């Protein structure tokens, strides 16, 4: 089995999260392969920009997921291991990359996003990330009086 390391971002703008629709009509988070000793956080920021045209910064780590599939072109099973980052952006501006094979995307309110995200582990990742994101915002507000 081919194992690949990836990094991606769960990007929040207030009470909304950024999602992309891929060529299989699946709603997913932006992510990409880590190559040549790249730093996972840098890959996540880069993929969020390349796939969705979103400028975002990392707030904290979200966690890890993995999934397996059979690659027809490689003729063998592949396991993608993904490190996820909770990210925030100051703008709802985005530009879905057709070059990266995405047909749609945007910022969705959390309740709606939880309904349309394709994979159950991504739903769990979103739910956990949003709770963690809000905890960090609350803590910062207490510390800095905002």
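Just to be sure I understand the filter: pairs with C-beta atoms under 7 Å, separated by 6 or more residues or on different chains, first member in segment 33-56 and buried (at least 18 other Cβ atoms within 10 Å of the Cβ), second member in a helix (DSSP H, G or I) and at pLDDT 95 or above. Which pairs pass?
Note: pairs meeting the criteria are 34/40; 34/43; 54/48; 56/45; 56/48.
Provide a single number: the residues in segment 9-28 that are free of Cβ contacts under 8 Å to residues at least 40 places away in the same chain and either under 16 Å from residue 57 (Cβ atoms) or assigned to a strand (DSSP E or B) (or both).
The number of residues fulfilling the criteria is 1.
Before we move on, is residue 90 at pLDDT 95 or above, touching a strand residue (DSSP E or B) at 6+ places or on another chain (Cβ under 9 Å) and either exposed (fewer than 15 other Cβ atoms within 10 Å of the Cβ) or closer than 17 Å to residue 22 by Cβ (or both)? Before you say what the answer is, go through the steps one by one.
Details: at pLDDT 95 or above: yes; touching a strand residue (DSSP E or B) at 6+ places or on another chain (Cβ under 9 Å): yes; either exposed (fewer than 15 other Cβ atoms within 10 Å of the Cβ) or closer than 17 Å to residue 22 by Cβ (or both): yes.
Yes.
On the basis of being within 22 Å of residue 91 (Cβ to Cβ), in contact with a strand residue (DSSP E or B) (Cβ under 9 Å, 6 or more places away or on another chain) and at pLDDT 95 or above, does residue 38 make the cut?
Numbers: within 22 Å of residue 91 (Cβ to Cβ): no; in contact with a strand residue (DSSP E or B) (Cβ under 9 Å, 6 or more places away or on another chain): yes; at pLDDT 95 or above: yes.
So residue 38 does not fit the description; no.
Any residue that is closer than 16 Å to residue 8 by Cβ, at pLDDT 90 or above, out of contact with any helix residue (DSSP H, G or I) (no Cβ under 7 Å at 6 or more places or on another chain) and assigned to a helix (DSSP H, G or I) - is there at least one of those in segment 130-137? Write out each step before concluding.
Quick first cut of segment 130-137, residues closer than 16 Å to residue 8 by Cβ only: 130, 132-133.
Those still in the list that are at pLDDT 90 or above too: 130, 132-133.
Those left that are additionally out of contact with any helix residue (DSSP H, G or I) (no Cβ under 7 Å at 6 or more places or on another chain): 132-133.
Now restrict to residues that are assigned to a helix (DSSP H, G or I): 132-133.
Taking every residue of segment 130-137 in turn, at least one turns out to be closer than 16 Å to residue 8 by Cβ, at pLDDT 90 or above, out of contact with any helix residue (DSSP H, G or I) (no Cβ under 7 Å at 6 or more places or on another chain) and assigned to a helix (DSSP H, G or I).
Exactly one of these conditions fails for residue 58: (1) farther than 11 Å from residue 11 by Cα; (2) in a strand (DSSP E or B); (3) under 13 Å from the mean Cα position of the chain (by Cα). Give me its number.
Going through the list (1) farther than 11 Å from residue 11 by Cα; (2) in a strand (DSSP E or B); (3) under 13 Å from the mean Cα position of the chain (by Cα), residue 58 breaks only (1).
In segment 67-87, how many are modelled with pLDDT under 95, touching a strand residue (DSSP E or B) at 6+ places or on another chain (Cβ under 7 Å) and either in a strand (DSSP E or B) or over 17 Å from residue 33 (Cα atoms) (or both)? Give the derivation first.
Just the residues of segment 67-87 that are modelled with pLDDT under 95, to begin with: 67-80.
With touching a strand residue (DSSP E or B) at 6+ places or on another chain (Cβ under 7 Å) added as a condition, the list becomes 67-71, 74, 76-80.
Restricting the remaining residues to those that are either in a strand (DSSP E or B) or over 17 Å from residue 33 (Cα atoms) (or both) gives 67-71, 76-80.
The total comes to 10.
Just the residues that are modelled with pLDDT of 95 or more and either within 14 Å of residue 10 (Cβ to Cβ) or in a helix (DSSP H, G or I) (or both), please, taken from segment 106-119.
Listed by number, the residues that qualify are 107, 108, 110, 111, 112, 113, 114, 115, 116, 117.
So which of 3, 92, 100 ends up being touching a residue at least 24 places away in the same chain (Cβ under 8 Å), assigned to a loop (DSSP other than H, G, I, E, B) and under 24 Å from residue 124 (Cα atoms)? Before you say what the answer is, go through the steps one by one.
Values: 3 fails: assigned to a loop (DSSP other than H, G, I, E, B); 100 fails: under 24 Å from residue 124 (Cα atoms).
None of the other options fit; the residue is 92.
The values are calculated or read from the model by the stated rules, or taken from the named source; none is laboratory data. Being a predicted model, the structure only gives us computed values, none of them experimental. Note: ideal-geometry Cβ built from the backbone for every residue, glycine included; neighbour counts use all protein chains shown.
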